[in-house]
Amino acid sequence: MVRLRRLAASPLAPVALAAAAAVAAYAVSVLVFPYHSLNHDEAVYLQQAAMLLDGRLFLQPPVEDAFRPWFFVESARGLYPKYAPPTAAVYALGELAGSFRYALPAVAGATVALLYGVVREAWDRRTAAVAAVATLASPLFVVQSGVFLPYAPTTMLNLAFALAYFRAERTGSARLDALAGLAVGLAFFARPYTAVLFAVPFIGHAVWTLQTPLRETLRERTVDTLVVRRAATAGLGLAGVAGTLGYNAVVTGDPTVFPYQAFAPLDGLGFGHREILGYEQDYTVWLALRSNAEVVGTFLLDWAPFGVAGSLLAAAGLFVSRRRGWTWQQRVLAGVVGSVVVGNLAFWGNRNVLGGLADHSDGLVSALGPYYHYDLLVPASAFAAVGLLAVVDRVRRTARSRLDGRRATAVLVAALLVASAVLGASAATATGSKLQANADVTADYETAYEPFEPEPPQNAVVLLPDPYGDWLNHPFQALRNDPGFDGETLYALDDHALDAAAAYPDRALYRYSYRGTWTPGTGDPVDPVLREVAAASGETVTVDASFGLPSWTAGASITVESGDGRAFYTLDDAASREAGSLSVVVADGRVRAAGAVTPSGNASVPLAGDVTVTVLVDGGYGAGFQYRLDVPVAASTDGYRALSPQLELCTDLRNCGGASAYVDGVGPEGTWLNATVDGT
């Protein structure tokens with residue numbers, strides 16, 4: 001026991017614990033999240049970090065609609081992210097050191113070291129060491145330490161503020177007070193509401209202790225040193241607020257309009273009607289209470305230090321601290337629990353992170369935890385350490401009062417082993433299940449990104465699908481563009497393929513598509529394919545297609561569509577063939593099918609945008625499938641421009657039109673599909 005106390009009191013303890021946190025964070029990042037997580041905001045921060053390294057606040061893509069990243073706002077000066085830059089700046093520092101991923105272990109290590117310092121100021125070194133271990137045993141800390149999200153970096157800044165404030169109160173250092181103000185100002189710049197909620201108990205203490213010195217200052221007309229110190233903290237804190245407002249003015253044009261408000265004016269704090277990207281909700285007080293109860297309950301049961309056992313220990317630690325006559329530092333940390341829990345009621349994101357209220361297995365909270373409550377890790381770790389040490393001390397006193405020295409030591413060692421096993425099992429079970437859930441997502445990502453391994457095509461533009469709307473990096477976070485749109489591989493939306501191709505005429509074109517439903521983590525990954533795309537132009541553009549006809553084919557019908565126009569055909573002698581073919585011709589402002597086909601009604605339709613060709617292969621008695629070709633085509637000054645079509649084999653019409661990509665070897669026996677494009 002004496003050795004344990006010496007280890008906890010050693011100045012190397014926080015260094016060792018911070019190093020352990022850094023190693024764990026890096027391992028989780030590269031092993032569990034190599035392609036990033038289910039939260040696509042990671043791509044926003046990494047894109048923003050690359051912009052900062054390039055000296056940019058705005059993106060100027062050559063074709064805005066084709067290259068717009070997820071959660072970027074349109075403006076006259078270009079595209080800008082809906083988030084403030086401090087978090088991205090942290091990740092940019094990692095890239096300067098060699099990799100964006102290097103920032104993650106730095107943040108994790110700094111967080112643990114700072115928490116150690118905060119708890120040491122509030123209690124002692126032994127409690128600080130155990131609190132740091134408790135943080136390392138938190139599933140929320142472990143998972144969030146491996147992703148490029150803002151919650152861990154903001155908590156790091158909040159802990160820097162707390163440590164500087166606590167130590168300044170003990171030493172009377174105005175420099176530390178200024179450092180506290182700088183840290184909380186940066187935290188405000190990063191996540192204003194998060195910083196305010198964490199700082200509220202500290203502000204309460206600062207105002208309370210300032211009353212007497214302020215009255216004396218006014219009465220004696222001499223400035224008390226505490227007034228100077230408080231002014232230093234407030235001044236630099238308000239400098240962070242000013243920096244935030246200044247950044248708002250630069251990017252949104254109004255210092256009081258935050259980028260996230262410019263992106264979605266009805267997103268944000270408060271109750272009532274809330275909306276973002278077509279998703280809307282009436283966020284009532286009752287819904288806020290229910291949602292936050294679910295979120296906090298999830299934290300206590302699944303994501304707290306040591307899992308649910310740590311929550312019980314934290315409750316015990318809170319009781320013990322109060323019973324012993326807690327210090328003001330301990331009361332302030334307890335106040336963080338109240339401010340974070342109560343304050344988050346006003347944020348509807350806590351409803352959205354849950355998915356279905358009745359189902360804790362859906363929503364981002366199931367994989368990434370209650371991250372809006374990340375700051376709860378600070379008091380939870382501290383009071384769990386107090387509770388655990390109180391139990392250990394109680395067992396030790398009881399053993400020594402009732403047993404002789406050897407037996408007391410044996411009982412104490414046994415108790416410590418049992419406690420370690422119970423807490424270790426609780427933490428391992430809680431953390432292991434969360435890491436496994438995210439590893440399952442990564443396994444599906446690994447399959448989806450296989451065409452880009454070992455490296456993506458060089459000097460190329462890759463056209464990407466958009467299962468979640470007209471956004472890049474949503475969901476394909478790993479496929480990002482350089483800020484200058486001049487990297488070896490560029491990524492553009494397939495819906496704007498012709499514009500992207502025109503912007504980069506000297507690059508090879510590829511199309512990435514997949515077969516299946518994009519549901520990572522279900523164990524049913526998509527079948528991906530990366531095909532080279534040809535471009536053609538001329539007064540006439542022709543797409544020649546050939547396809548397989550299974551032996552059971554009874555007939556085949558063809559539809560050619562452009563805009564609202566449709567032309568129908570039948571394939572001649574389909575039942576007696578093993579393969580079929582046709583040509584789709586664009587000329588003189590119209591589109592028609594040619595070859596061994598017979599029109600049923602109109603033989604052509606006006607060209608009114610991209611052309612879709614479907615071949616319905618009928619086996620009789622309701623059996624059959626559909627080939628589909630989506631041809632990007634548009635009029636040009638010298639005729640028409642077109643690209644190789646998107647190829648699909650639709651055995652399930654619910655996925656047809658984007659998620660039924662033709663993949664070699666997939667489909668009924670006797671099916672295959674080829675197409676070429678040419679211009680004359």
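The values are calculated or read from the model by the stated rules, or taken from the named source; none is laboratory data. Computed from a predicted structure; not experimentally measured. Reconstructed Cβ throughout: ideal geometry from the backbone, glycine too, with neighbour counts over all protein chains shown.
Do the conditions hold for GLY270, that is, is it in contact (Cβ under 8 Å) with a residue 24 or more places away in the chain, surrounded by fewer than 17 Cβ atoms within 10 Å (Cβ to Cβ) and within 25 Å of the chain's Cα centre (by Cα)?
It is true that GLY270 is in contact (Cβ under 8 Å) with a residue 24 or more places away in the chain, surrounded by fewer than 17 Cβ atoms within 10 Å (Cβ to Cβ) and within 25 Å of the chain's Cα centre (by Cα).
Name the one entry in ALA178, ALA162 that is assigned to a helix (DSSP H, G or I), surrounded by 24 or more Cβ atoms within 10 Å (Cβ to Cβ) and not charged (D, E, K, R).
None of the others qualify; the one that does is ALA162.
Could you list, in sequence order, the residues of region 499-542 that are part of a loop (DSSP other than H, G, I, E, B), surrounded by fewer than 18 Cβ atoms within 10 Å (Cβ to Cβ) and either modelled with pLDDT of 95 or more or assigned by TED's automatic domain parsing to the domain that holds ALA594 (or both)?
Hits for region 499-542 are ALA534, GLU539.
Pairs needed: first member in region 574-586, surrounded by 15 or more Cβ atoms within 10 Å (Cβ to Cβ); second member anywhere, among the aliphatic types (A, V, I, L, M) and assigned to a helix (DSSP H, G or I); C-beta distance under 8 Å; at least 6 residues apart or different chains.
Correct list of pairs: GLY580/ALA574.
Regarding region 101-117, can at least one residue be identified that is of a type in the set (S, T, N, Q), touching a strand residue (DSSP E or B) at 6+ places or on another chain (Cβ under 9 Å) and surrounded by 22 or more Cβ atoms within 10 Å (Cβ to Cβ)?
No: region 101-117 contains no residue that is of a type in the set (S, T, N, Q), touching a strand residue (DSSP E or B) at 6+ places or on another chain (Cβ under 9 Å) and surrounded by 22 or more Cβ atoms within 10 Å (Cβ to Cβ).
Tell me which residues, restricted to region 192-249, are at positive phi and either part of a helix (DSSP H, G or I) or surrounded by 15 or more Cβ atoms within 10 Å (Cβ to Cβ) (or both).
Hits for region 192-249: nothing passes.
Of all residues in region 547-564 being within 44 Å of the chain's Cα centre (by Cα) and surrounded by 16 or more Cβ atoms within 10 Å (Cβ to Cβ), which is nearest to ALA497 (Cα to Cα)?
My answer is SER562.
So ARG126 ticks every box in (1) modelled with pLDDT of 95 or more; (2) touching a Lys or Arg at 6+ places or on another chain (Cβ under 8 Å) but one. Which box is left unticked?
Evaluating ARG126 over (1) modelled with pLDDT of 95 or more; (2) touching a Lys or Arg at 6+ places or on another chain (Cβ under 8 Å) leaves (1) as the failure.
Are any of the residues in region 652-660 among the small types (Gly, Ala, Ser), exposed (fewer than 15 other Cβ atoms within 10 Å of the Cβ) and in a strand (DSSP E or B)?
The answer is no; no qualifying residue exists.
Report, by residue number, each residue of region 571-587 that is assigned to a strand (DSSP E or B) and of a type in the set (A, V, I, L, M).
LEU571, ALA579, LEU582, VAL584, VAL585, VAL586, ALA587, listed by residue number.
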